[in-house]
Amino acid sequence: MTSIWLDEVAPDNRRALEENMTADVAIVGAGIAGIATAYHLARAGAKPVVLEARTVADAASGRNAGFLLAGVAENFVAATRRYGEARALRIWRFTRHNQDLVREIVAREGIACDLAWNGSAQIAGDDEEWTEVRESADRLRKESVRVLLVPEERAAIYEDDGEFHPVRYVRALAGAAVAAGARIYDRTRAIAVTTSEVRTERARVRASVVVVCVNAYSQHLVPLRVRPVRGQMLATAPVGRRVFERPAYANRGYRYWRQRADGRLLAGGWRDTAADEEVGEEERTTPRIQDQLERFLRERCPETNVTHRWAGIMGFSHDALPYVGRLDSGVFVNAGFTGHGMAFATATGELIADLVRDKKRSETDLFAPERA
Ligand SMILES: Cc1cc2nc3c(=O)[nH]c(=O)nc-3n(C[C@H](O)[C@H](O)[C@H](O)COP(=O)(O)OP(=O)(O)OC[C@H]3O[C@@H](n4cnc5c(N)ncnc54)[C@H](O)[C@@H]3O)c2cc1C
């Protein structure tokens, strides 16, 4: 089944590339990462070409929950444990910048994507996580982050987080990129890349720079440490009462839910209950996960009816941070979002557009693709 997002937006049909061509920059993949890269490059005066095997936002970018969170999937204490406090804070600020960029672009381009800033709830699944959620809130408050604790729900409310309609956002951004000088080809699968050429099934694109933005599918084109991992969701018919006040992510980010402004309930994740099964590139739902998602929603809203069930494939990196920059081979990459691409990719698109043009950026080391 298709996602609620793809189902309610008209198909995005662009022509396939049939002839050889040259471009300033060739971008492979038209999810949020490839489209944001094209948008920022085109605005900077380049003439990028985007080659997409399916259609714009048809893969993970059209199949997610549409949360625009700050930080990584884990709470800040867990992020500090993993990256050290200084890096964890830099990552936090980068995702904050991503939120600001989305706000700015949506306003500048007049994008209608139901963008709302109702905050998000980070909910602990056990006592240990609750201690970390509390300490994370205390620590981030010192950075002027607006966060409230709700002890009876073992939750921290991050007041500045957002949500949107991911397909409307990415497709409109694609339109804005084209208006600024980008070209986008659908149904055009890249079969090989070098630093100066992308070969497709029917044509060759010669370019000064090649940027690979195929996330979960990276291993087919470049030696990147990205593993394909499946995420599943469901959506219901509109419900006439408020069941969830704001997007929530619980159990260390494994489980998430929201209610849209039109009353529809969405739930996703529960991968922690079937981690071994939820791997690989097969974009299909399973009864095991779907039953748990449905049970969760029915406990909170018995009258609800499921209308959509879907799956999407995420690209997990070795340390849960994206790979953004130039590989030793000379090919550029912008991928490995580890289930958090809405939170990162508008800003990593800007970052890679700067790196391609040799502009110095302070975040280069954070996301260096061949880091330890
Ligand atoms: C169920 C689920 C829920 C999620 N919820 C959230 C959320 O709430 N917030 C959040 O921040 N993130 C979320 N994510 C993660 C987010 O969707 C991804 O991180 C993001 O979409 C990745 O964008 P991308 O452009 O890198 O990859 P994709 O959207 O997968 O795009 C890659 C594109 O490359 C194309 N491609 C692949 N191979 C080739 C080739 N050889 N030639 C040409 N094109 C090719 C594909 O067709 C695809 O369109 C979720 C993901 C899932 C699956």
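The values are calculated or read from the model by the stated rules, or taken from the named source; none is laboratory data. The structure displayed is predicted, hence computed values, not measured ones. So basically every Cβ, Gly included, is an ideal-geometry build from the backbone, and we count neighbours across all protein chains shown.
What the table below lists for this structure:
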{"read-out": "Single unsatisfied condition, Ile191 versus (1) part of a helix (DSSP H, G or I); (2) closer than 30 Å to Ser329 by Cβ", "value": "(1)"}
{"read-out": "Of all residues making up region 54-64, the number that are crowded, with 19+ Cβ neighbours inside 10 Å, in a loop (DSSP other than H, G, I, E, B) and either in contact (Cβ under 8 Å) with a residue 60 or more places away in the chain or more than 12 Å from the ligand (Cβ to nearest atom) (or both)", "value": "6"}
{"read-out": "Residues within region 104-122 that are outside any loop (DSSP other than H, G, I, E, B) and touching a residue at least 24 places away in the same chain (Cβ under 8 Å), tallied", "value": "7"}
{"read-out": "For Phe367: the one exception among (1) aromatic (Phe, Trp, Tyr); (2) in contact with a Phe, Trp or Tyr (Cβ under 7 Å, 6 or more places away or on another chain); (3) within 12 Å of the ligand (Cβ to nearest atom)", "value": "(3)"}
{"read-out": "Residue within region 284-303 that is buried (at least 23 other Cβ atoms within 10 Å of the Cβ) and either outside the structural domain of Arg134 (by TED's automatic domain parsing) or assigned to a strand (DSSP E or B) (or both) present", "value": "no"}
{"read-out": "Some residue of region 17-35 being of a type in the set (Val, Ile, Thr) and surrounded by fewer than 24 Cβ atoms within 10 Å (Cβ to Cβ)", "value": "yes"}
{"read-out": "Output for region 148-158, where each listed residue is out of contact with any Ser or Thr (no Cβ under 8 Å at 6 or more places or on another chain) and within 23 Å of Arg96 (Cα to Cα)", "value": "Leu148, Leu149, Val150, Ala155"}
{"read-out": "Single match in Thr348, Thr338 (criterion: crowded, with 19+ Cβ neighbours inside 10 Å, among the polar types (S, T, N, Q), part of a loop (DSSP other than H, G, I, E, B) and at pLDDT 95 or above)", "value": "Thr338"}
{"read-out": "Pick from region 2-16, criterion touching a His at 6+ places or on another chain (Cβ under 9 Å) and not aromatic (Phe, Trp, Tyr), ranking: surrounded by the most Cβ atoms within 10 Å (Cβ to Cβ)", "value": "Ser3"}
{"read-out": "From Arg82, Arg90, residue being modelled with pLDDT of 95 or more, more than 20 Å from the chain's Cα centre (by Cα), among the basic types (Lys, Arg) and not assigned by TED's automatic domain parsing to the domain that holds Tyr185", "value": "Arg82"}
{"read-out": "Filtered residues of region 123-156 (kept if free of Cβ contacts under 8 Å to residues at least 12 places away in the same chain and under 16 Å from Pro247 (Cα atoms))", "value": "Leu148"}
{"read-out": "Count of region 198-232 residues which are without any contact (Cβ under 8 Å) to a residue 24 or more places away in the chain and in contact with a Lys or Arg (Cβ under 7 Å, 6 or more places away or on another chain)", "value": "1"}
{"read-out": "Hits in region 352-366 (condition: closer than 15 Å to Val331 by Cα and under 19 Å from the mean Cα position of the chain (by Cα))", "value": "Ile352, Ala353"}
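To keep it simple, each residue is scored yes or no on (1) of a type in the set (A, V, I, L, M, F, W, C); (2) within 14 Å of the ligand (Cβ to nearest atom); (3) at pLDDT below 95.
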| position | (1), (2), (3) |
| --- | --- |
| Val133 | yes, no, no |
| Ser144 | no, no, yes |
| Pro151 | no, no, no |
| Ala155 | yes, no, no |
| His165 | no, yes, no |
| Arg189 | no, yes, no |
| Val193 | yes, yes, no |
| Ala207 | yes, no, no |
| Ala216 | yes, yes, no |
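Let's see how each residue does on (1) part of a loop (DSSP other than H, G, I, E, B); (2) within 21 Å of the chain's Cα centre (by Cα):
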| site | (1), (2) |
| --- | --- |
| Met1 | yes, yes |
| Trp5 | no, yes |
| Pro11 | yes, yes |
| Arg14 | yes, no |
| Ile27 | no, yes |
| Ala30 | yes, yes |
| Gly34 | no, yes |
| Ala46 | yes, no |
